[in-house]
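Chemist: Let me begin by handing over the structure; questions about it come next.
The values are calculated or read from the model by the stated rules, or taken from the named source; none is laboratory data. From a predicted model like this one, the values you see are computed outputs, not experimental measurements. Positions of Cβ are generated from backbone atoms using ideal geometry, with glycine treated the same way; all protein chains shown enter the neighbour counts.
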Amino acid sequence: MFAIDYYQQAESVAQAVALLAAEPGARLVAGGTDVLIRLREGRGDYARLVDINGLEELRGIGLADDGTLRIGALSTFRQVMASDDVRRLVPVVAEAVGTAGGPQLRNVATVGGNICNGAVSADSVGALLVHDAQLEIQGPEGRRRTPLQGFHTGPGRVALARDEVLVALHIRPRDYRGFGAAYYKYAMREAMDIATIGCTAAVRLEGEAIGELRLVFTVAAPTPVRCAHAEAAAAGRPLTAETLDAVAAAVAADVQPRTSWRARQDFRLHIIRTLAARVTRRAAERAGGKF
Ligand SMILES: Cc1cc2nc3c(=O)[nH]c(=O)nc-3n(C[C@H](O)[C@H](O)[C@H](O)COP(=O)(O)OP(=O)(O)OC[C@H]3O[C@@H](n4cnc5c(N)ncnc54)[C@H](O)[C@@H]3O)c2cc1C
């Protein structure tokens, strides 16, 4: 039994916003895979719930006329993995969510919940960050758009007011065209485990060189981190082992790994350097490059 004090099923996003605004301490439940765990732990701050799981306006994956890919916040990991548009345009997003949990979890867990829970280990976030996903958020004043970059403000925290709902993610053509990308989840077990370190890279080639590298680490700092130093070390450089070494050397300036029961700080840094080179190489190869 769950100790739920308040429960309302929203009939529209506007109503969900109104219910959140009217009910102090209420929060959304989508797939419930995080919320129900917290409730089972006896967390009173999860006992007042507005259920958005039935809202069609939060579902669906498709393309706008200008080629922008829209992923509804309630899309489950399984739906993301099965989407032809995702697999064709941003396959690394499907690859990343495919590493989360097991099939039962992926049938229920939503991409919106994965972002809004603020977890630094969230598997979808690196792939969405390398494609510079834009968030569509509805609140009492209407809809706003904001980049996913900067949305995470600390462990378990995001820049979302308590009466706002994430409606969808948008990925613009300029953020997927010409990129090859890859995700690697380093975890203690090969399946059904949370990332010890997550690395996502996207590479756009210019002739024989790296035109642009976008590199994101998760669980390497208090929030998911885009690696500006490592990216600069790759820009304009040829597809060689020396370039990958430069990326691996530069990435230490971008991350702040910590010691936890999963791994020590120095071990995490070793993994980060190794993955920075390895995942960048895989992304470049997927963009058509040869080392
Ligand atoms: C056994 C198990 C294994 C797991 N393994 C992984 C894993 O390998 N990788 C991984 O990344 N995660 C993992 N998770 C965590 C979890 O499944 C994901 O974070 C999931 O994506 C959360 O989505 P949800 O719809 O279930 O969120 P919910 O539990 O419904 O909500 C999570 C949080 O997000 C908020 N929220 C949800 N939707 C919205 C919205 N549209 N707008 C605003 N706020 C919203 C809720 O209020 C709540 O605070 C695992 C969980 C379990 C139980």
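Chemist: Take the residues of region 46-65 that are part of a strand (DSSP E or B) and within 15 Å of the ligand (Cβ to nearest atom): which is farthest from V97 (Cα to Cα)?
Modeler: Checked region 46-65; the qualifying residue farthest from V97 (Cα to Cα) is R48.
Chemist: Another question about this same structure. Would you mind telling me which numbered condition in (1) more than 7 Å from the ligand (Cβ to nearest atom); (2) modelled with pLDDT under 95 G101 fails?
Modeler: With respect to (1) more than 7 Å from the ligand (Cβ to nearest atom); (2) modelled with pLDDT under 95, G101 is out only on (1).
Chemist: Let me ask something else about it. So is E242 surrounded by fewer than 20 Cβ atoms within 10 Å (Cβ to Cβ), out of contact with any Lys or Arg (no Cβ under 8 Å at 6 or more places or on another chain) and not aliphatic (A, V, I, L, M) or not?
Modeler: Working: surrounded by fewer than 20 Cβ atoms within 10 Å (Cβ to Cβ): yes; out of contact with any Lys or Arg (no Cβ under 8 Å at 6 or more places or on another chain): yes; not aliphatic (A, V, I, L, M): yes.
It is true that E242 is surrounded by fewer than 20 Cβ atoms within 10 Å (Cβ to Cβ), out of contact with any Lys or Arg (no Cβ under 8 Å at 6 or more places or on another chain) and not aliphatic (A, V, I, L, M).
Chemist: Is there a residue in region 82-99 that is among the charged types (D, E, K, R), out of contact with any strand residue (DSSP E or B) (no Cβ under 7 Å at 6 or more places or on another chain) and touching a residue at least 12 places away in the same chain (Cβ under 8 Å)?
Modeler: no
Results for (1) surrounded by 19 or more Cβ atoms within 10 Å (Cβ to Cβ); (2) touching a residue at least 40 places away in the same chain (Cβ under 8 Å), shown as yes or no for each residue.
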position	(1), (2)
C227	yes, yes
V251	yes, no
Q256	no, no
W261	no, no
L269	no, no
I272	yes, yes
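Chemist: Across region 14-30, which residue is modelled with the lowest pLDDT among those that are surrounded by fewer than 18 Cβ atoms within 10 Å (Cβ to Cβ) and more than 8 Å from the ligand (Cβ to nearest atom)?
Modeler: P24
Chemist: Step by step: first the residues of region 161-186, then only those that are within 11 Å of the ligand (Cβ to nearest atom) and part of a strand (DSSP E or B), then the one that is surrounded by the fewest Cβ atoms within 10 Å (Cβ to Cβ). Which residue is that?
Modeler: V167
Chemist: Then there is this: Out of T33, T68, which single residue is within 11 Å of the ligand (Cβ to nearest atom) and either modelled with pLDDT of 95 or more or in contact with a Cys (Cβ under 8 Å, 6 or more places away or on another chain) (or both)?
Modeler: After ruling out the rest, the residue left standing is T33.
Chemist: If you take the residues of region 117-128 that are surrounded by fewer than 24 Cβ atoms within 10 Å (Cβ to Cβ) and not hydroxyl-bearing (S, T, Y), which of them is farthest from the ligand (Cβ to nearest atom)?
Modeler: This residue is V120.
Chemist: Yes or no: V158 under 23 Å from G236 (Cα atoms), crowded, with 16+ Cβ neighbours inside 10 Å, of a type outside the set (F, W, Y) and touching a helix residue (DSSP H, G or I) at 6+ places or on another chain (Cβ under 9 Å)?
Modeler: No, not satisfied.
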